[in-house]
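To start, the structure itself, in structure tokens.
The values are calculated or read from the model by the stated rules, or taken from the named source; none is laboratory data. Bear in mind that the values here come from a model prediction, so they are computed numbers and not experimental data. Quick reminder, even Gly has a Cβ in these numbers, built from the backbone with ideal geometry, and neighbours come from all protein chains shown.
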Amino acid sequence: MAVKIVTDSSADIPPELLKEFDIAVVPLYVRFGNDVYKDKVDISNKEFYEKLVEGETFPATSQPTPLDFKQVYEELAKDADGIVSIHLSSKLSGTIPSALQARESFQGSCPIEIVDSLSITSGQGMVCLEAARAAKNGAGMEEVVRIAKETVSEINFMVLFDSLKYLAKGGRIGKAKGLMGAVLNIKPLLNLKDGEVVPIGKVRSYSKGVEQQYEFIKKAAEGGKIKELSIMYNTDRDEADALADRVSSMYPREKIIMGEIGPILGTHGGPDILVVCIRGNLNE
């Protein structure tokens, strides 16, 4: 038996990596009015963004129920020495409280640890993958938890949104509220700090935002500080591929984690999101 890793669908881990590292995913919920969908189960990314852009109803998201988590924990516990459950920032969602409730009601003897990634999408995914690598290599429960928590502090984001209006509608704008006065005229660059959305800067065009992301990667690469790099997109794969190709002389193209941003961040960020995430100690 081994330590099992659980996450939620907001981690946006590519399916092939979920399979390779045997990571279980508990889906969040997406609501369009009275229609409720399990993220990536009942609605695909393509279907979601079509509804988001073309529909009249603004979506909402909600965390998995304690029962959703309990069912997954009970199934994994049959063949596990321990379960490490890693989730999106508790400052952005009630997912972690829901997981904690499930752990409290769990009747088995298998230990369960809940880890706050203080992140979302590829940042959360990187924490899960590093923990899963350790588990796959035979690390025990305590070691896997330690590695997961250490990785949380290594996550560095630069997120480019085409607009702040979706964040404003969803109420998840955090400390970036100061950018709202120019919401129609800027392309915001945001980060997550201590699990909360904070502004990095603002640019007048999307291409200038991508250039900032390139410089972010370049600076980290020149300092030899990139342990892992991810470039994620939701509606424009060409932009993500172009950036990945451009930085391939600094970081091997085949090692870049590429993937789609799903409905959870998409609800709050809208279309045309481009996320660069670097795992490494950039401040050293």
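Looking at segment 105-129, which of its residues are in a loop (DSSP other than H, G, I, E, B) and farther than 19 Å from L265 by Cβ? Spell out how you get there, then give the answer.
Initial filter on segment 105-129 (in a loop (DSSP other than H, G, I, E, B)): 106-111, 117-120.
Within segment 105-129, F106, Q107, G108, S109, C110, P111 meet the criteria.
Specify which of the listed residues (D68, D42) is loosely packed, with under 15 Cβ neighbours inside 10 Å, farther than 18 Å from L167 by Cβ and charged (D, E, K, R). Steps first, please.
On the way: D68 fails: loosely packed, with under 15 Cβ neighbours inside 10 Å.
Criteria check complete, one pass: D42.
Condition first: among the small types (G, A, S) and farther than 18 Å from S85 by Cβ. Now tell me which residues in segment 13-30 satisfy that. Break it down stepwise before answering.
Pass one, segment 13-30, residues among the small types (G, A, S): 24.
Correct list: empty.
Table: residues versus (1) under 25 Å from the mean Cα position of the chain (by Cα); (2) assigned by TED's automatic domain parsing to the domain that holds I13; (3) of a type outside the set (D, E, K, R); (4) more than 19 Å from G195 (Cα to Cα).
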position: K78; (1), (2), (3), (4): no, yes, no, yes
position: D81; (1), (2), (3), (4): no, yes, no, yes
position: A99; (1), (2), (3), (4): yes, yes, yes, no
position: Q107; (1), (2), (3), (4): no, yes, yes, yes
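Please determine whether any residue of segment 77-85 is in a loop (DSSP other than H, G, I, E, B) and touching a Lys or Arg at 6+ places or on another chain (Cβ under 7 Å).
Filtering segment 77-85 for residues in a loop (DSSP other than H, G, I, E, B) gives 78-79.
Okay, now just the ones that are also touching a Lys or Arg at 6+ places or on another chain (Cβ under 7 Å), so none.
No, there is no match, as no residue in segment 77-85 is in a loop (DSSP other than H, G, I, E, B) and touching a Lys or Arg at 6+ places or on another chain (Cβ under 7 Å).
Looking only at residues that are of a type in the set (G, A, S) and in a helix (DSSP H, G or I) in segment 135-154, which one is farthest from the chain's Cα centre (by Cα)?
Going residue by residue through segment 135-154, those that are of a type in the set (G, A, S) are 135, 138-140, 148, 153.
If we keep only those that are in a helix (DSSP H, G or I) as well, we get 135, 148.
On the way: A135: 20, A148: 14 Å.
It comes out as A135.
Residues in segment 31-53: is at least one more than 19 Å from N234 (Cβ to Cβ) and in contact (Cβ under 8 Å) with a residue 24 or more places away in the chain?
First pass over segment 31-53, keeping only residues more than 19 Å from N234 (Cβ to Cβ): 33-36.
Filter again for in contact (Cβ under 8 Å) with a residue 24 or more places away in the chain, leaving 33.
Checked against the condition, which is being more than 19 Å from N234 (Cβ to Cβ) and in contact (Cβ under 8 Å) with a residue 24 or more places away in the chain, segment 31-53 yields at least one hit.
Would you mind finding the one in Q101, Q107, Q71 that is over 23 Å from V275 (Cβ atoms) and modelled with pLDDT under 95?
Working: Q101 fails: modelled with pLDDT under 95; Q71 fails: modelled with pLDDT under 95.
Exactly one of Q101, Q107, Q71 is over 23 Å from V275 (Cβ atoms) and modelled with pLDDT under 95, namely Q107.
Which count do you get for residues in segment 145-168 that are crowded, with 16+ Cβ neighbours inside 10 Å, out of contact with any Pro (no Cβ under 9 Å at 6 or more places or on another chain), more than 20 Å from L243 (Cβ to Cβ) and not aliphatic (A, V, I, L, M)?
Our first condition is that a residue be crowded, with 16+ Cβ neighbours inside 10 Å; within segment 145-168, this holds for 145, 147-149, 151-152, 154-164, 166-168.
Filter once more, keeping what is out of contact with any Pro (no Cβ under 9 Å at 6 or more places or on another chain): 145, 147-149, 151-152, 154-158, 168.
With the extra rule that they be more than 20 Å from L243 (Cβ to Cβ), the set shrinks to 145, 147-149, 151-152, 154, 168.
The next check asks that each one be not aliphatic (A, V, I, L, M); those that pass are 149, 151, 154.
Adding up the residues that qualify gives 3.
If you check S109, S119, S85, which single one turns out to be over 22 Å from M232 (Cα atoms), among the polar types (S, T, N, Q) and crowded, with 18+ Cβ neighbours inside 10 Å? Spell out the reasoning first.
Working: S109 fails: crowded, with 18+ Cβ neighbours inside 10 Å; S119 fails: over 22 Å from M232 (Cα atoms).
The conditions single out S85.
Go through the residues of segment 265-274 one by one and say whether even a single one is farther than 21 Å from L88 by Cβ and either without any contact (Cβ under 8 Å) to a residue 60 or more places away in the chain or of a type outside the set (V, I, T) (or both).
Going residue by residue through segment 265-274, those that are farther than 21 Å from L88 by Cβ are 272.
Checking which are either without any contact (Cβ under 8 Å) to a residue 60 or more places away in the chain or of a type outside the set (V, I, T) (or both) leaves us with 272.
Yes, because at least one residue in segment 265-274 is farther than 21 Å from L88 by Cβ and either without any contact (Cβ under 8 Å) to a residue 60 or more places away in the chain or of a type outside the set (V, I, T) (or both).
Considering segment 53-66 alone, what residues qualify as being in a helix (DSSP H, G or I) and modelled with pLDDT under 95?
Across segment 53-66, the qualifying residues are V53, E54.
Please state which one of A132, A102 is hydrophobic (A, V, I, L, M, F, W, C), over 30 Å from Y233 (Cα atoms), in contact (Cβ under 8 Å) with a residue 24 or more places away in the chain and part of a helix (DSSP H, G or I). Show your work before the answer.
On the way: A132 fails: over 30 Å from Y233 (Cα atoms).
Criteria check complete, one pass: A102.
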